[in-house]
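Accompanying notes for the structure given below.
The values are calculated or read from the model by the stated rules, or taken from the named source; none is laboratory data. Everything numeric in this text was worked out from a predicted model, so none of it was measured. Glycine also receives a Cβ, built like all others from the backbone with ideal geometry; neighbour counts cover every protein chain displayed. These accessible areas exclude ligands, DNA and RNA; they are computed on the full protein's heavy atoms, side chains included. Shrake-Rupley method; radii C 1.70, N 1.55, O 1.52, S 1.80 Å.
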Amino acid sequence: HPSGDHVLVGSYDKHLYWFDLDLSTQPYRVLRNHKAAIRTVSFHPRLPLFADASDDATAHVFHATVHSDLMQNALIVPVKMLKNYHSMTQSLGILDIAWHPTQPWLFSTGADGQIKLFVE
């Protein structure tokens, strides 16, 4: 996270782990939205958004509000699930994602050799 106190970790066990380093060494949240390994996670550099992408050929976009007040926990809200945009190739789905530096646009690249842009 741009504030530096929050870390996202996607894993091959299909879980996305959110760590709040000010709160604990244990995950603050564990999200279980995928049916296959999570390949990549990314915070938007300026907007309160993050996304993950998986070998199940789906990406999930979330709104994340991080408060400077340590008494308030981060708020995570699902925004959109992106599916049926990439084809599975040899059990691989979406390999990487990247945010546009200023716009809420998400680029993805898949094992199918395609690059997609999501602007909704």
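Quick notes on this one:
- Unique residue being over 13 Å from the mean Cα position of the chain (by Cα) and open to solvent by less than 70 Å² (accessible area, probe 1.4 Å) when the list is Thr65, Thr58: Thr65
- A count restricted to region 1-14 and to residues that are closer than 15 Å to Leu75 by Cα, surrounded by fewer than 17 Cβ atoms within 10 Å (Cβ to Cβ) and modelled with pLDDT of 85 or more stands at 1.
- Leading residue by the ranking (modelled with the lowest pLDDT) among those in region 15-52 that are assigned to a strand (DSSP E or B) and over 11 Å from the mean Cα position of the chain (by Cα): Asp20
- Selection within region 27-69 - out of contact with any Gly (no Cβ under 7 Å at 6 or more places or on another chain) and among the acidic types (Asp, Glu): Asp69
- Residue in region 84-96 that is of a type in the set (A, V, I, L, M), touching a residue at least 12 places away in the same chain (Cβ under 8 Å) and closer than 14 Å to Leu8 by Cβ present: no
- Screening region 9-47 for residues that are among the hydroxyl-bearing types (Ser, Thr, Tyr) and touching a strand residue (DSSP E or B) at 6+ places or on another chain (Cβ under 7 Å) and picking the one that is farthest from Ser91 (Cα to Cα) gives Tyr28.
- Among the candidates Leu21, Leu117, Leu106, Leu75, the residue that is surrounded by 15 or more Cβ atoms within 10 Å (Cβ to Cβ) and not aromatic (Phe, Trp, Tyr) is uniquely Leu106.
- Hits in region 85-101 (condition: over 17 Å from the mean Cα position of the chain (by Cα) and not in a strand (DSSP E or B)): Ser87, Met88, Gln90, Ser91
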